[in-house]
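The values are calculated or read from the model by the stated rules, or taken from the named source; none is laboratory data. All values derive from a computational prediction rather than experimental measurement. Every residue, glycine among them, receives a Cβ derived from its backbone with ideal geometry; neighbour counts consider all protein chains shown. Remember, those area values only see protein heavy atoms, side chains included, never the ligands or the DNA or RNA. Shrake-Rupley method; radii C 1.70, N 1.55, O 1.52, S 1.80 Å.
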Amino acid sequence: MNDKPGGKPIPWLLPDAVEELLPPAAAELESLRQATLEICSRWGYDLVMPPAIEYLESLLSGVAHDLDLQTFKLTDQLSGRMMGVRADITPQAARIDAHQLREAGPVRLCYTGTVLRTRPEAPAGSRNPLQMGAELYGHAGIESDVEVIALMAEVLYGAGIGELHLDLGHVGLFRGLVTEAGLSEEAESRLWDALQRKANADIAELLEALAVPPPHRDRLAALAELSGGPETLAAARDALAGAGPDVHAALDALASIAESLRAWLPDLVLHFDLGELRGYRYHTGVVFAAYTPGESLELARGGRYDDIGAVFGRARPATGFSTDLKALLRAVGGDRASRSAPAQAIAAPWHGDEALRDRIRALRAAGETVIWQLPGHAQGPALRGCNRQLVRAEDGDWRVEPL
């Protein structure tokens, strides 16, 4: 609660789950942001900067309808139209690819920016995360999925994550089995919910109530149990042996992606969860999430979402990932802070000497931090982060000496 006991709001308190960063965390986050964008640049991903607010129909078009409940809405005072504060940058990047760039071949885009959500996605989560992501448009093969996953891994390793676990799934499995079973949209939604809860008893009861024929019933129920290491794919081929070509194409895609990742990233721990349907209404193919031991929440997530640009006039294959840099910074903790700590500063006395001003300009141009010691304050330079000071020598020259 942000109110005093008498009910009057406390003006300096922030809304629940809305956070700000103070020194030195803000500098550490900015260092991480720049480092991730530098990695993306070396991979050929071009930076885009979409606006924080757009017309609502653009933000929530097509596959982005799932974001409706997460989007703050307001009326544009100029046009009278409804606008939304972005809750995810991915649809904006898709709009830029489809409508602004309109290139024929593959397009690689990256971005960072604050998003605002009506509620946190996880307990103790943030409603204003700093989202960073990368998207690859215009290529439908698994090679682009592998590239995006490998880029995500490099970003996470570069941030300071030591051990990385990748959770892989494919929404085509569930979608194909549901189609073969002839389930209605309402029944599909109920079954999806039960699968997400891994509620085997509920799944069995629901399939029985829907009178799903035994072969289809067995295959749908098996999804909840198909979770584990590389042996999971072999078990899936047995359990789903009678399914149609779309289901086996999804299994083949997962196997090929896993084989490529073992070559690209031999230290990456692969885990398969074929009943995991995160972003089911959003994604069209492989889905993935990255974890590290000791952290219960995912570090990053992504997947394939083909044809996202259709509502903007240009359907394109697409795959990508995103991460919250604030959460990532918390996950690496003091390890990154110790590596990215800035060099200690130089204290400069408040003095009108022109030679001193020239010396300070030269030091700052060389990358040093120089802090004026303003008169009338008792706080010493060491408490201001300084380990050196500028001292005027007998010849009038200003020299850097240890404190």
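Collect the residues in region 139-183 that are crowded, with 18+ Cβ neighbours inside 10 Å, in a loop (DSSP other than H, G, I, E, B) and touching a residue at least 60 places away in the same chain (Cβ under 8 Å), keeping them in residue-number order.
Residues satisfying the conditions are His139, Gly160, Ile161, Leu164.
Return the residues of region 384-403 that are open to solvent by 90 Å² or more (accessible area, probe 1.4 Å), under 22 Å from Glu354 (Cβ atoms) and free of Cβ contacts under 8 Å to residues at least 24 places away in the same chain; say none if nothing qualifies.
Those that are open to solvent by 90 Å² or more (accessible area, probe 1.4 Å), under 22 Å from Glu354 (Cβ atoms) and free of Cβ contacts under 8 Å to residues at least 24 places away in the same chain: Glu394, Asp395, Arg399.
Would you say Leu74 is among the aliphatic types (A, V, I, L, M), modelled with pLDDT of 95 or more and either within 19 Å of Ala310 (Cα to Cα) or part of a loop (DSSP other than H, G, I, E, B) (or both)?
Details: among the aliphatic types (A, V, I, L, M): yes; modelled with pLDDT of 95 or more: yes; either within 19 Å of Ala310 (Cα to Cα) or part of a loop (DSSP other than H, G, I, E, B) (or both): no.
Considered against the rule, which asks whether it is among the aliphatic types (A, V, I, L, M), modelled with pLDDT of 95 or more and either within 19 Å of Ala310 (Cα to Cα) or part of a loop (DSSP other than H, G, I, E, B) (or both), Leu74 comes out as no.
Find the residue count for region 290-305, including only residues that are aromatic (Phe, Trp, Tyr) and open to solvent by 10 Å² or more (accessible area, probe 1.4 Å). Write out each step before concluding.
Step one: of region 290-305, the residues aromatic (Phe, Trp, Tyr) are 291, 305.
Restricting the remaining residues to those that are open to solvent by 10 Å² or more (accessible area, probe 1.4 Å) gives 291.
Number satisfying all stated conditions: 1.
Quick grid of which residues meet (1) under 26 Å from the mean Cα position of the chain (by Cα); (2) more than 16 Å from Phe272 (Cβ to Cβ):
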| position | (1), (2) |
| --- | --- |
| Ile142 | yes, no |
| Ala150 | yes, yes |
| His165 | yes, no |
| Leu173 | yes, no |
| Gly176 | no, yes |
| Ser184 | no, yes |
| Trp192 | yes, yes |
| Leu195 | yes, no |
| Ala199 | no, yes |
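Looking only at residues that are within 20 Å of Leu164 (Cα to Cα) and touching a residue at least 12 places away in the same chain (Cβ under 8 Å) in region 227-250, which one is surrounded by the most Cβ atoms within 10 Å (Cβ to Cβ)?
Taking the candidates together, the pick is Thr232.
If we keep just the residues of region 251-279 that are closer than 23 Å to Leu220 by Cβ and modelled with pLDDT under 95, which is surrounded by the most Cβ atoms within 10 Å (Cβ to Cβ)?
Leu274
Tell me, please, whether a residue that is open to solvent by less than 40 Å² (accessible area, probe 1.4 Å), in a helix (DSSP H, G or I), under 27 Å from Leu156 (Cα atoms) and at pLDDT 90 or above can be found in region 332-355.
There is at least one residue in region 332-355 that is open to solvent by less than 40 Å² (accessible area, probe 1.4 Å), in a helix (DSSP H, G or I), under 27 Å from Leu156 (Cα atoms) and at pLDDT 90 or above.
This table checks each residue for (1) surrounded by 14 or more Cβ atoms within 10 Å (Cβ to Cβ); (2) assigned to a loop (DSSP other than H, G, I, E, B).
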residue	(1), (2)
Ala27	yes, no
Ala35	yes, no
Gly44	no, yes
Glu54	yes, no
Leu67	yes, no
Ala87	yes, yes
Ala98	yes, no
Cys110	yes, no
